[in-house]
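No value in this document is a laboratory result; all are computed from the given coordinates. Keep in mind the model is a prediction, meaning the values are calculated, not measured. Because the Cβ atoms are built from the backbone with ideal geometry, glycine has one as well, and the counts that use them run over all protein chains shown.
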Amino acid sequence: MNIRLRLTLLFAVLVASIMLVFSLSVYYLYDQFREQEFNKRLQEKAKTTVRLLEDVSGITESLLHAIDRNNLTAMFREEVTIYDAQNNIVYDSGKEPFRIGSKILQEIREGKAFRKQEGEKEIVGLRYIDKRKEVLVVIAYAVDLYGFSKLERLRNILVTGWVISLFVVLFSGWFFAGDALRPVSEIIAQVKNISARNIHERLTIGREKDELAQLAITFNELLARLEDAFNSQRSFVSHASHELRTPLAIMMGQLGVSLMQERTGEAYRDTIKETIEEVKKMRDLVNGLLELARLNDDSSQFSARPLRVDELLWQAREMLLAHSPDYNIHIEFDQIPEEEEALEIEGDASLLQTAFINLMGNGCKYSEDHRINVTLHIQEQALRICFVDYGVGIAEKDLVHIFEPFYRAEATQAIKGHGVGLALSERIIKLHRGDIRVHSQLGVGTQFIVTFESIH
Ligand code: ADP
């Protein structure tokens with residue numbers, strides 16, 4: 001059952017129940033009122049009859065009948081029976097006297113009110129003390145034809161009104177629920193049309209700032225995030241294939257050229273050396289990409305244990321120098337800690353070394369003197385490492401992008417690189433709940449500041 005139908009039925013059931021209770025109350029109260037009024041009239045009738053009989057002595061029964069029938073207050077099938085103190089019928093206006101048990105007659109004489117309904121007939125009984133101090137019992141009954149016909153009319157009006165209003169409520173409920181839910185149907189229709197091909201499209205947000213507009217806004221924000229992820233995935237794949245294709249093309253060219261004619265052993269060796277260089281570059285790139293993919297996929301994979309940051313920095317320096325001996329890496333502390341534990345962080349040694357090697361290597365690679373200064377600051381709750389170089393620097397427009405995979409600043413296009421190192425370093429530092437910031441000025445130099453929470 002859809003929401004529209006459910007809302008309509010709920011609305012209809014609610015209104016129908018309220019109207020039913022209201023109609024039943026009106027009917028019941030009117031019936032009570034009719035009964036009271038009719039009983040009052042019957043009592044009046046009884047009293048008038050007995051007084052007339054008593055006052056106008058010698059009045060004949062037939063005359064009394066004539067008065068009654070022509071009386072404006074005459075009721076349908078009305079009859080009056082009067083009993084004396086010995087339970088004998090002294091007057092009866094009908095063809096048949098109304099028989100009543102002596103016990104009830106006695107109760108009426110004692111002053112107890114008597115009211116009874118027998119089929120259509122309504123009966124009242126009252127006591128009357130005449131001039132001779134005799135206690136008479138007057139019983140009067142009649143059929144409230146007029147009252148019942150009014151009651152029936154009221155019932156018909158209430159039932160018809162209830163049925164008509166039920167239809168009106170069903171119709172208007174269906175209409176209003178449809179109107180209220182129209183933005184939802186529109187959102188559903190629009191969302192159905194969005195796929196990977198047109199992920200740039202957005203839902204239209206209604207003029208009102210209601211919950212459904214909020215839903216559309218939230219969905220648009222989700223689409224924007226998905227689009228970003230989608231685009232970066234797409235550019236990642238195209239960049240990766242481009243970066244891999246270039247060394248492959250170079251190798252193919254080198255190998256093809258050396259096969260074209262007989263070469264000396266020296267020339268073959270040179271070609272193999274050059275090919276190995278390209279293979280090494282490819283290996284580094286593939287390793288970097290695999291690491292990035294692994295860290296993006298599952299961040300819980302690395303095994304964290306306490307590590308000394310100073311040791312990691314020295315090890316990174318060693319590894320980098322073994323690869324590029326012309327680099328000049330200078331490590332210093334702003335203060336010597338009293339306890340060694342102050343230098344500890346939790347993490348994975350090889351991942352952190354990869355990040356430090358990248359940052360140190362970039363500092364040297366992008367400065368003419370191939371020099372970088374690494375300073376370790378021990379703070380109360382944190383360890384801060386600054387990687388400072390006085391190299392080419394990074395333009396302001398590039399600063400926001402350098403942590404994106406494959407992004408390379410214009411100023412460094414001439415220097416070899418793939419643009420994966422910083423993306424990987426940032427991911428590693430974030431995984432260790434650390435923070436990386438960069439300050440740089442073109443032609444002046446660059447400073448990367450990495451901060452980790454200390455574990456003590
Ligand atoms: P790669 O160095 O292989 O190009 P990175 O991801 O390590 O890739 O760096 C991305 C880009 O950031 C570099 O191409 C370079 O333009 C810029 N960059 C990073 N470090 C420095 C630095 N210390 N000085 C100047 N530019 C830098």
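Fewest-first ordering of Leu352, Leu248 by other beta carbons within 10 Å of each residue's beta carbon gives Leu248, Leu352.
So what's the convex hull volume per residue for the Cα atoms of the range 171-299, in Å³?
Working: hull volume 18.1 nm³, N = 129.
Given the Cα convex hull of the range 171-299, per-residue volume reads 141 Å³.
Taking a 31 Å limit on the Cα-Cα distance, which of the listed pairs Lys95/Lys150; Lys103/Lys150; Lys273/Lys430; Lys192/Lys430; Lys281/Lys397; Lys45/Lys103 fall beyond it? From the list (Lys95/Lys150; Lys103/Lys150; Lys273/Lys430; Lys192/Lys430; Lys281/Lys397; Lys45/Lys103), the Cα-Cα distance tops 31 Å for Lys103/Lys150; Lys273/Lys430; Lys192/Lys430. Each residue of the range 393-404 was assigned a 3J(HN,Hα) from its phi angle through the Karplus curve 6.51 cos²θ - 1.76 cosθ + 1.60 (θ = phi - 60°); the sequence is x, 10, 5, 4, 5, 7, 4, 6, 9, 4, 8, 7 Hz, with glycine and proline shown as x.
To the nearest 20 Debye, how big is the dipole of the range 326-456 about its Cα centre, given +1 on the beta carbon of each Lys and Arg and -1 on that of each Asp and Glu? Could you put the intermediate results ahead of the total?
Working: 10 positive and 21 negative charges, 153 e Å.
So the magnitude is around 740 debye.
Karplus-based coupling profile of the range 376-382, in residue order and whole Hz: 9, 10, 9, 10, 4, 10, 8, with θ = phi - 60° in 6.51 cos²θ - 1.76 cosθ + 1.60 and x standing for Gly or Pro. Going from the fewest other Cβ atoms within 10 Å to the most, the residues Ser93, Ser149 appear in the order Ser149, Ser93. How tilted is helix 61-70 with respect to the longest principal axis of the chain? Cα atoms for both, answer in degrees (0 to 90, nearest 10). So the helix axis and the longest Cα principal axis differ by about 40 degrees. Selection among Asn287, Val388, Ile357 by position relative to the dipole of the range 269-418 gives Asn287 as farthest towards the positive end (Cβ unit charges, Cα centre).
Between the amide H of Val90 and those of Ile82, Tyr83, Asp84, distances stay under 5 Å, these residues lying 5 or more places away or on another chain, with hydrogens modeled in the peptide plane.
Considering only DSSP states other than H, G, I, E and B, which GluC sites (Glu not before Pro) in the range 115-153 qualify as loop sites with at most 15 other Cβ atoms within 10 Å?
On the way: sites: Glu118, Glu120, Glu122, Glu134, Glu152; in loops: Glu120, Glu134.
Answer by residue number: Glu120, Glu134.
For every helix of n ≥ 4 consecutive DSSP H residues, a contribution of -39,500 (n - 2.57) applies; sum these over the chain, divide by its total residues, and give [θ] at 222 nm rounded to the nearest 500 deg cm²/dmol. If you can, show how the numbers build up before the last one.
Numbers: 10 runs with 248 residues, N = 456.
After summing the helix terms and dividing by the residues of the chain, the value is -19500 deg cm²/dmol.
Please label the shape of the chain as rounded, prolate or oblate, based on the square roots a ≥ b ≥ c of the eigenvalues of the alpha-carbon gyration tensor (a/c under 1.5 means rounded; beyond that, a/b larger than b/c means prolate, else oblate). Here the chain falls in the prolate category.
Placing +1 on each Lys and Arg Cβ and -1 on each Asp and Glu Cβ, with no other charges, gives the range 156-308 a dipole about its Cα centre of roughly 180 debye. Working note: Karplus 6.51/-1.76/1.60 with θ = phi - 60° gives the range 290-295 the couplings 4, 4, 4, 4, 5, 5 Hz, where Gly and Pro are set to x.
Applying a DSSP loop filter and a limit of 12 other Cβ atoms within 10 Å to the GluC sites (Glu not before Pro) in the range 238-324 leaves Glu262.
A protection proxy built from the mean count of other Cβ atoms within 10 Å ranks the segments 218-228, 32-42, most packed first, as 32-42, 218-228.
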